[in-house]
Amino acid sequence: MFTAWLFDLYPSADGITLWFVDAEGRKHRGYARFTPSLYLHLDVRHADRIARLLRTFPVTVRSATKREIYSNTDWPVLQVTVGSTAHFKNVVRLLEQHLPHYVFFNSDIPIAQLFLYDTGLFPLAFGTYELAPDGCLLAWQLQDANDAMEYTFPPLTILTLKNRPDVVSPKFRKNLQLEITYDGSTYGLESSDPHDVLSSLERHLQRCDPDVILTEYGDAVLLPMLTRLAAEHQVPLSLNRDAGSGYITSHASSYFAYGKIVHKDGAFELAGRWHLDIENSFMMGEASLDGVTEIARLTQLPVQHQSRATIGTALSSMQLSWAYRHGYLIPAHKREPEDFKSADILLLADRGGLIFQPEMGYHEEVAEMDFVSMYPTIMVTHNVSPETVNCRCCRNTAVPELGYTICEKREGIVAATLRTVVRRRGIYKKEKKRLKALKDPRWTLYDHRQTALKWMLVTCFGYLGYKNARFGRIEAHESVNAFSRDAILQAKEIAEGHGFHFIHAIVDCMWLKRSGATEADYEALAREVSEKVGIDISLEGIYNWILYPPSKMDPRIPTANRYVGWYTNNEIKIRGIEIRRRDTPVFIKRVQGELLKILGEGKTVADLRGLLPAVLAKAKESLDLLRSGKADPLDLVVRRHLSQEADEYTNRSANAIVAQALAEAGVHLAPGESVEYIIIDATGKRHPEKAKAVALYSLDDGYDIVKYTEMTLKAVETLLFPFGYDAETLKNMWYPVPPRIHRPVARRHVREQGELFNSSREAG
Amino acid sequence: MHLSIVEQFRAAPPGTLYGVHGDSSVFRLALIAAGYTLVQGVPVTLVDGSNRFDLYGLAEFARRTAGGRCTPDELLRNIFVSRAFTCYQMEAVIAERLRAFVRDRKSPVVLIFGLLDTFYDEQAPLRDVRLGVQRMMQALQGLKRDGVSVLVASTDVGPVPPARRGLLPGVMGGMDKVFDMKRIGHREHGTGPSGMMAGHREKGKRHSSMKEGQGENDSGHHSRGMADGVQGELQSLVA
Ligand SMILES: [Zn+2]
């Protein structure tokens, strides 16, 4: 018997192999017997047939009843219990050859997850565990719960393993140079003979015996390469703590999500240690290890799996666990189709969140109020879930405009699982704020945790409408939108009742003004709206001025979610314009940032007019530098996502040219990965190469002055259009004749680093 | 002459299964074919697996087409839509829900857009796909027995995984009448009269142009001809 944290788990010949770490950092290995079940929606008469079919496997087949989530009725099913985790997949595969897909339930959940759902255990569960002499888990007593707000963390040994740092990412390199860091020391391993490097790595692994191996590009490049070389050179490599286990790997994929191609590297997971690849983990990047473990505990996804999973997978795991605990059948495929609706209802239902277009230009004395976690709050408070919307047991017209019914008799799966997330994030946010005020460094822990949860809340609404979400449904998605429109309209009515004027609204944010209104007036309004609407709304701040820039399509109208403004407390908020976009070259970001700094001195629109000469002078100064050829080419790097494989491009776009040039240089980039390049001749007239990848760029290549001038002027136009300066006007005013040099050979400059606006507010 | 598909669909006895395939104008054409039923105040049911169903186009169509017997709102209230985004949903809606719904609403006309589109997704195993298509075809036969006419509109452009290329010809083979828009467009543009009829086959005859149509992208030439045709039909309906 020992007290420890459950560290790692994976299926094995014994059932589930378990690793524990105790407070002294000692590792304990054990295993659990586990006999997972799947269910077949088949009559008991089929039981013999199924048993015969599976006679070569250690299975039992018996009839049972389980609850179906949509109808909320008990279904007769056949329960197939597999005596060994190793056979589960094969049993499912064999059955699939003989039975239609729609009879399968609980058949496609990863075994380790199923084990956690079944036992109620979770990653890093702290408790007292009792193992038999052969390691079999006999009993446990947790001093922890997966939804506990305060929890402890085992002492973990961390080894960082990376390719030696270089300006070029490991994807673009081939030779073996490693850098290892642990216990405060860093070791560089380098040799022309891989055998030496690998042997040395193995000595470090033995000496350090890390719990966590942190890498950059470990999934895609580093670990596959090291294991391949180790096999070739016959060097033992103890990446796994469990020497008897293989590596758990999966392939890279490119998939279509949210309107663009996304690339995901494959996974390379270890047995008995965690391999965390910070370049292949959204959560590590956003919320560090604190965020990863927070979500792993909550969702019961093993840590290595969680770190690589999409937020959708995390949400899904919470729902699967909830369904499992409540005895609901979990369909192998989402089948629930959209209800038939008349086209007039569909026209109402198909609308998204509400948008009131603002007037293009500068506005002064405007306040912004945001509903806090609007969508998840709606789902939780109105019980919006796939099985509760238009349930078969209640009669009401709870959903505004659409008149859909929402169940009054049971809490829905989405509402139930999100409730926890919403509550936790609220508490963590408060704790972060409290500790930060006390200058207690632990505030970052709570910040990481709340950030991780924030992503679940941001994603949950989209996931509800996602076609492959197991517990998603269009009517639930439509209902949330209908409630959100209703909430904004209610807020508008209340505000207007107090003499406020509505400037602009997007879905869950609104901008309003009343001449001379104070912060206290807005706070009072926020309290009233929160109370009447049932969703908290907070005063984000009062702007000295806010700009809604013209849209690229039609300069007379603005675009939703593109604005910039200075708050009265000297913070700036920027959305959607060039300086915030990841694909904008640093040079242009810097120009726009400098202009915004100058404009920040103005408190009113009249002040801004007074600042125009200074703004114009600053813009021209930067453009003159660009046109002299002295701009730093590294500041002109353009970043774009690839939409297809290099050899699939049929056009001669800069993306295509750069991807093909890289491919020729031996660097393969998949759709969804990004390329970085410098434009050398956008027209392709003087130089057919158009653009050069940063990795292949030399200073002699220069840059395209005309193109970068045009791009910079566009960014200036964004800010100055309301004062009558568009890019064309500025160009004619400053540079009426084309430049003498088009593609200067650049000189590299030492440049200032650092953020332009340290006080800039982050989203959410 | 443009109206021949539409007219045939209208004139056909209840319980006829129609297939029409070609470029993306098939969807508009199908809607126009059902428009007549709609303006009579008779409900129409639509299953959309193509994710291309143009709700706002339909609203516009209703505004322009309705009159006399029913208002645009009445027309919109009389067309029932279910959209499917995965092949499992498509199979479920057609094989398990459609017949009961149509009976319940007394809707004598069913339109199906992109019956197979979701089945081309290689995430779905071939065995699930085959079963799904088989169950849907059985459901269509059930509708036919109930006296419900079905118009299955499919595009045959865009990539189809090799193992799934036989699905569309298979489905079209199960229809009572099939129109190949590409052939119609071609003939119409080239030789003129009777083009519409040339593309259509009676039950039992080999459908010769099916193979040619596969994998051959629309030239702008053909699709423009077709779009004009549909526009013409829309005009004549409005008139
Ligand atoms: Zn109910």
For a label point 7 Å along the Cα-to-beta-carbon line of A:MET1, residues of the stretch A:118-137 with backbone N under 11 Å: A:128-131
Residues with amide H under 5 Å from that of A:ILE557, placed H, sequence gap 5 or more: A:SER551
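Go through the stretch A:621-682 and name the GluC sites (Glu not before Pro) that are in a DSSP coil and have 15 or fewer other Cβ atoms within 10 Å of their Cβ.
Values: sites: A:GLU621, A:GLU645, A:GLU648, A:GLU664, A:GLU673, A:GLU676; in loops: A:GLU645, A:GLU673.
Qualifying residues, ordered by number: A:GLU645.
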For A:THR160, net neighbour charge (Lys/Arg +1, Asp/Glu -1) across residues whose Cβ lies under 14 Å away: -3
Residues of type aspartates and glutamates that A:LYS27 reaches as a straight line, Cα spacing below 19 Å, ignoring anything fewer than 8 places off in the same chain: A:ASP8, A:ASP14, A:GLU130, A:ASP134, A:ASP183, A:ASP209, A:ASP211, A:ASP242, A:GLU269
Stretch gain in nm, segment A:SER192-A:ALA682, where the contour uses 0.36 nm per residue and the Cα spacing is subtracted: 172.3 nm
Phi to ³J(HN,Hα) by Karplus 6.51 cos²θ - 1.76 cosθ + 1.60 over the stretch A:139-145, Hz, x for Gly, Pro: 7, 8, 9, 7, 10, 6, 9
Charge context of A:THR3, other residues only, Cβ under 12 angstrom, K/R +1, D/E -1: -3
Degrees, to the nearest 10: A:605-628 long Cα axis against longest axis of chain A: 80 degrees
Quotient of Cα Rg and 2.2 N^0.38 Å for chain A, N being how many residues it contains: 1.07
Karplus-derived 3J(HN,Hα), 6.51/-1.76/1.60, for each residue of the stretch A:497-511, Hz, glycine and proline x: x, 9, x, 7, 10, 7, 9, 6, 8, 10, 6, 10, 10, 9, 10
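When the dipole is taken about the Cα centre of chain A, and only Lys, Arg (+1) and Asp, Glu (-1) are charged at their Cβ, what size is it in debye, to the nearest 20?
On the way: 92 positive and 95 negative charges, 116 e Å.
Here the size comes out at about 560 debye.
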Trypsin sites (Lys or Arg not before Pro) lying in DSSP loop within the stretch A:622-721, provided at most 15 other Cβ fall within 10 Å: A:LYS630, A:ARG652, A:LYS685, A:ARG686
Amide H within-cut-off set for A:ASN390, under 5 Å, with H built and near neighbours excluded: A:THR405, A:ILE406, A:CYS407
Built amide H within the under 5 Å cut-off of A:LEU18, gap 5+: A:GLY30, A:TYR31, A:ALA32
Approximate spin-label separation A:ARG203-A:ALA243, in nm, with each point projected 7 Å along Cα-to-Cβ: 1.9 nm
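Convex hull over the alpha-carbon atoms of the stretch A:180-252: what's its volume per residue in Å³?
On the way: hull volume 7.6 nm³, N = 73.
Hull volume over Cα atoms, normalised by residue count, gives 104 Å³.
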Calculated on alpha-carbon atoms, Rg and Dmax of the stretch A:450-509 in Å: 15.0, 46
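Report the extension gain between A:ALA13 and A:ARG527 in nm, rounded to one decimal, defined as 0.36 nm multiplied by the number of residues separating them, less their alpha carbon distance. Write down the numbers at each step before the final one.
On the way: separation 514, 0.36 × 514 = 185.04 nm, distance 5.89 nm.
Here the answer is 179.2 nm.
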Estimated FRET transfer efficiency (A:LYS552, A:LEU489; beta-carbon r; R0 22 Å; 0.05): 0.15
Average beta carbon contacts from partner chains per residue of B:81-91, 10 Å cutoff: 6
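Please work out how much length the chain gains when fully extended from A:ASP583 to A:HIS46, using 0.36 nm per residue of separation minus the C-alpha to C-alpha distance, in nm with one decimal. Numbers along the way, then the final one.
Numbers: separation 537, 0.36 × 537 = 193.32 nm, distance 5.90 nm.
Contour length minus Cα-Cα distance gives 187.4 nm.
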Those aspartates and glutamates that a straight Cα-Cα span of less than 19 Å connects to A:LYS630, excepting residues fewer than 8 apart in one chain: A:GLU594, A:GLU621, A:ASP681, A:ASP700, A:ASP701, A:ASP704, A:GLU710, A:GLU752
Residues of type lysines that A:LYS334 reaches as a straight line, Cα spacing below 23 Å, ignoring anything fewer than 8 places off in the same chain: A:LYS66, A:LYS89, A:LYS467
At R0 = 35 Å, FRET efficiency that the Cβ-Cβ distance of A:ASP134 and A:ARG93 yields, to 0.05: 0.70
Label point distance in nm, A:ARG442-A:ASP108, each placed 7 Å from Cα along Cα→Cβ: 4.4 nm
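State, as an integer percentage, the relative contact order of chain A based on alpha-carbon contacts under 8 Å between residues 6 or more apart. Please list the in-between numbers first.
Values: 1425 pairs, mean separation 73.8, N = 764.
RCO, chain A: 10 percent.
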Estimated FRET transfer efficiency (A:ASP350, A:THR160; beta-carbon r; R0 51 Å; 0.05): 0.55
The stretch A:303-319 - phi-based ³J(HN,Hα) in whole Hz, Karplus 6.51/-1.76/1.60, Gly and Pro as x: 3, 4, 5, 4, 5, 9, 6, 6, 4, x, 5, 5, 4, 4, 5, 4, 5
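Using just the helices of chain A, give the 222 nm mean residue ellipticity in deg cm²/dmol: DSSP H runs with n ≥ 4 each add -39,500 (n - 2.57), and the total is spread over all residues, rounded to 500. Present the calculation step by step, with values, prior to reporting the outcome.
On the way: 19 runs with 268 residues, N = 764.
Counting only the DSSP helices, I get -11500 deg cm²/dmol.
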Charge context of A:LYS618, other residues only, Cβ under 14 angstrom, K/R +1, D/E -1: -1
Loop trypsin sites (Lys or Arg not before Pro), the stretch B:1-91, which have at most 16 other Cβ atoms in a 10 Å radius of their Cβ (DSSP): B:ARG52, B:ARG69
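We did not get these values from a lab; they are worked out from the coordinates using the rules stated. All of these numbers come straight from a predicted model, not from anything done at the bench. As a convention, Cβ positions derive from the backbone with ideal geometry for all residues, glycine included, and neighbour counts pool all protein chains shown.
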